[in-house]
Amino acid sequence: MDLGLEGRTAAVAGASSGLGFASARALAAEGVRVAICGRDRARIDAAAARIEGAVPLVADVSTPEGAVGFVEAAVDALGQVDILVPNAGGPPPGTFASTPLEAYAPALGLNLLSTVAMCRAAVPAMCERGWGRVVAITSVAVRQPIDTLILSNTARAGVTGFLKTLAREVAGRGVTVNSVQPGLHATERLRQVYGGDIGPAAATVPAGVVGDPADFGSVVAFLCSEHARFVVGAALPVDGGTYQGLQ
């Protein structure tokens with residue numbers, strides 16, 4: 001299927017590995033020119049070498065300033081940003097009892113305000129051109145909070161509310177805003193958590209396997225496509241059936 005993305009441009013945050021990398025690679029396979037960022041020069045350069053034509057940028061999107069800087073650098077490199085994929089790692093684990101109040105502000109900066117900042121830097125120009133896509137990578141925890149991840153649960157729920165509101169405001173300008181909520185995928189991070197053996201993780205997924213990051217990237221690319229132009233404000237679980245709710 002031709003997604004109609006040939007010649008478009010994209011800024012994909014947190015793309016030195018994992019689901020951000022997979023999303024950037026899927027977009028590049030559709031003819032999109034991508035700029036990707038990470039905090040470590042060697043890692044982001046290595047990632048860019050595996051994606052045809054990718055522009056590697058060093059940026060820390062955990063702060064609004066870093067997030068805006070990434071989008072501005074992507075515009076400088078690509079000429080414009082048609083597609084924005086906000087993405088960042090998660091804050092430290094913890095429960096209500098173990099998490100101090102001062103830990104919330106950095107978590108909100110990482111998983112909420114960074115996305116707001118990237119959207120403020122990229123979306124107005126999309127609206128002026130009459131075409132744009134925002135597909136944020138969040139977490140299935142938005143629908144089903146994960147024990148011991150109170151900071152992530154809180155911040156990602158907030159960014160989902162922001163994205164839904166933004167989606168309704170800009171839909172009439174040719175810009176769609178959606179989010180994708182991953183469950184467990186076979187990323188480097190998951191292998192680290194499980195000591196290299198992700199079999200126990202797969203046992204918790206109704207599909208019987210953990211997700212393939214490449215498949216996740218394909219979902220992101222589809223939401224950026226011409227075929228998905230009527231998908232507005234969706235928050236799509238990609239989790240192998242982990243989420244148990246009806247909505």
Q) Which members of the stretch 202-247 meet the condition of being more than 18 Å from Ser179 (Cα to Cα) and either hydroxyl-bearing (Ser, Thr, Tyr) or in contact with a helix residue (DSSP H, G or I) (Cβ under 6 Å, 6 or more places away or on another chain) (or both)? A) Thr204, Val209, Val210
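Could we say that Leu163 is modelled with pLDDT under 95 and crowded, with 18+ Cβ neighbours inside 10 Å here? Show your work before the answer.
Values: modelled with pLDDT under 95: no; crowded, with 18+ Cβ neighbours inside 10 Å: yes.
When the stated conditions are applied, Leu163 does not pass them.
Given the criterion modelled with pLDDT under 95, closer than 21 Å to Thr138 by Cα and hydroxyl-bearing (Ser, Thr, Tyr), identify the matching residue among Thr115, Thr63, Thr95. Break it down into steps so the answer makes sense when it comes.
Working: Thr115 fails: modelled with pLDDT under 95; Thr95 fails: modelled with pLDDT under 95.
Exactly one of Thr115, Thr63, Thr95 is modelled with pLDDT under 95, closer than 21 Å to Thr138 by Cα and hydroxyl-bearing (Ser, Thr, Tyr), namely Thr63.
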Q) Of all residues in the stretch 1-55, which are buried (at least 21 other Cβ atoms within 10 Å of the Cβ), hydroxyl-bearing (Ser, Thr, Tyr) and part of a loop (DSSP other than H, G, I, E, B)? A) Ser16
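Filtering the stretch 81-124 down to residues that are hydroxyl-bearing (Ser, Thr, Tyr) and part of a helix (DSSP H, G or I), which residue is farthest from the chain's Cα centre (by Cα)? Before you say what the answer is, go through the steps one by one.
Within the stretch 81-124, the first condition is being hydroxyl-bearing (Ser, Thr, Tyr), and the residues that meet it are 95, 98-99, 104, 114-115.
With part of a helix (DSSP H, G or I) added as a condition, the list becomes 104, 114-115.
Working: Tyr104: 20, Ser114: 11, Thr115: 9 Å.
My answer is Tyr104.
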Q) List the pairs whose first member sits in the stretch 170-181 and is at positive phi, whose second member is not in a helix (DSSP H, G or I), and whose Cβ atoms are under 7 Å apart, counting only residues at least 6 apart or on separate chains? A) Gly174/Gly130; Gly174/Trp131; Gly174/Gly132
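Scan the stretch 51-100 residue by residue and report those that are among the hydroxyl-bearing types (Ser, Thr, Tyr) and free of Cβ contacts under 8 Å to residues at least 12 places away in the same chain. Don't jump to the end; show me each part of the working.
Applying the first criterion (among the hydroxyl-bearing types (Ser, Thr, Tyr)) to the stretch 51-100 yields 62-63, 95, 98-99.
Passing the criteria: only Ser98.
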(Q) Just to check your reading of the model, which residue among Ser179, Ser225 is more than 15 Å from the chain's Cα centre (by Cα), surrounded by 14 or more Cβ atoms within 10 Å (Cβ to Cβ), under 25 Å from Cys127 (Cα atoms) and among the small types (Gly, Ala, Ser)? (A) Ser225
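Residues are listed down the side, and each one gets a yes or a no for (1) touching a strand residue (DSSP E or B) at 6+ places or on another chain (Cβ under 9 Å); (2) hydroxyl-bearing (Ser, Thr, Tyr); (3) surrounded by fewer than 24 Cβ atoms within 10 Å (Cβ to Cβ):
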residue	(1), (2), (3)
Val75	yes, no, yes
Val85	yes, no, no
Pro93	yes, no, yes
Leu101	no, no, yes
Thr148	yes, yes, yes
Asn153	no, no, yes
(Q) Tell me the residue from Arg168, Arg191 that is more than 17 Å from the chain's Cα centre (by Cα), among the charged types (D, E, K, R), surrounded by fewer than 20 Cβ atoms within 10 Å (Cβ to Cβ) and modelled with pLDDT of 90 or more, please. (A) Arg168
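The values are calculated or read from the model by the stated rules, or taken from the named source; none is laboratory data. Values in this document were obtained by computation on a predicted structure and should not be read as measured data. Positions of Cβ are backbone-derived with ideal geometry, glycine not excepted, and every protein chain shown enters the neighbour counts.
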